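Chemist: Have a look at this one.
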Amino acid sequence: MERQTVSSSNIRSVGYDYSTSTLEVEFNNGRIYQYFSVSENTYNSFLSASSQGRYLAANIINNYKYKEV
C-alpha cells in the first residue's frame, strides 16, 4: 500500500486501500498497523484533523480491528 507522509509527532505516514477499506499507519518508531473496515469518510477526517495522533487515538484505535504488519 502506498502511504503519504504526514506532519505528526507520532505518525510518519498513512495510506488507504479504497477497495478493502483498510487504513495503514506507520509510526515514527517504525511500527506499521493496518486498521480494517475504516470508511473513506473516516480516513478523510483523519487526514484533515488538526492532530492525526489525537484523531487516531480518539476515533480509530479502539473502534476498528487491526494488526501489526
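The values are calculated or read from the model by the stated rules, or taken from the named source; none is laboratory data. Computed from a predicted structure; not experimentally measured. With ideal geometry, Cβ positions are generated from the backbone for all residues, glycine too; neighbour counts draw on all protein chains shown.
Chemist: Restricting to the stretch 50-69, name every residue that is in contact (Cβ under 8 Å) with a residue 40 or more places away in the chain and small (Gly, Ala, Ser). Full working, then the answer.
Modeler: Kept after step one, since they are in contact (Cβ under 8 Å) with a residue 40 or more places away in the chain, are these residues of the stretch 50-69: 51-53, 56, 64, 69.
Result: SER51, GLY53.
Chemist: Return the only residue of SER9, SER13 being at pLDDT below 95 and among the small types (Gly, Ala, Ser).
Modeler: Answer to the selection: SER9.
Chemist: If I ask for residues that are over 15 Å from VAL6 (Cβ atoms) and of a type outside the set (A, V, I, L, M, F, W, C), which ones from the stretch 48-69 would you list? Don't jump to the end; show me each part of the working.
Modeler: The initial filter retains those residues of the stretch 48-69 that are over 15 Å from VAL6 (Cβ atoms), namely 58-59, 61-69.
Once the filter is applied, which keeps residues that are over 15 Å from VAL6 (Cβ atoms) and of a type outside the set (A, V, I, L, M, F, W, C), the stretch 48-69 yields ASN59, ASN62, ASN63, TYR64, LYS65, TYR66, LYS67, GLU68.
Chemist: Looking only at the stretch 16-28, filter to residues that are hydroxyl-bearing (Ser, Thr, Tyr) and buried (at least 18 other Cβ atoms within 10 Å of the Cβ); which one of those is nearest to GLN4 (Cα to Cα)? Can you show your working first?
Modeler: In the first step, residues of the stretch 16-28 are kept if they are hydroxyl-bearing (Ser, Thr, Tyr); the result is 16, 18-22.
Now restrict to residues that are buried (at least 18 other Cβ atoms within 10 Å of the Cβ): 16, 22.
Numbers: TYR16: 9, THR22: 14 Å.
Restricting to residues being hydroxyl-bearing (Ser, Thr, Tyr) and buried (at least 18 other Cβ atoms within 10 Å of the Cβ), the top hit is TYR16.
Residue-wise test of (1) among the hydroxyl-bearing types (Ser, Thr, Tyr); (2) under 12 Å from the mean Cα position of the chain (by Cα).
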| site | (1), (2) |
| --- | --- |
| GLN4 | no, yes |
| SER7 | yes, no |
| ASN10 | no, yes |
| GLY15 | no, yes |
| ASN28 | no, no |
| ILE32 | no, yes |
| VAL38 | no, yes |
| ARG54 | no, yes |
| ILE61 | no, yes |
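Chemist: Something else about it: Could you check, for the stretch 29-47, whether at least one of its residues is charged (D, E, K, R), exposed (fewer than 15 other Cβ atoms within 10 Å of the Cβ) and within 15 Å of SER7 (Cα to Cα)?
Modeler: Of the residues in the stretch 29-47, the ones charged (D, E, K, R) are 31, 40.
Adding the requirement that they be exposed (fewer than 15 other Cβ atoms within 10 Å of the Cβ) leaves 31, 40.
If we keep only those that are within 15 Å of SER7 (Cα to Cα) too, we end up with none.
No.
Chemist: Any chance you could count how many residues in the stretch 48-62 are farther than 13 Å from VAL25 by Cα, surrounded by 12 or more Cβ atoms within 10 Å (Cβ to Cβ) and not hydroxyl-bearing (Ser, Thr, Tyr)?
Modeler: The initial filter retains those residues of the stretch 48-62 that are farther than 13 Å from VAL25 by Cα, namely 48-51, 54, 58-59, 62.
From what's left, surrounded by 12 or more Cβ atoms within 10 Å (Cβ to Cβ): 49, 51, 54, 58-59.
Checking the rest, the ones that are also not hydroxyl-bearing (Ser, Thr, Tyr) come to 49, 54, 58-59.
Residues flagged as farther than 13 Å from VAL25 by Cα, surrounded by 12 or more Cβ atoms within 10 Å (Cβ to Cβ) and not hydroxyl-bearing (Ser, Thr, Tyr) within the stretch 48-62 amount to 4.
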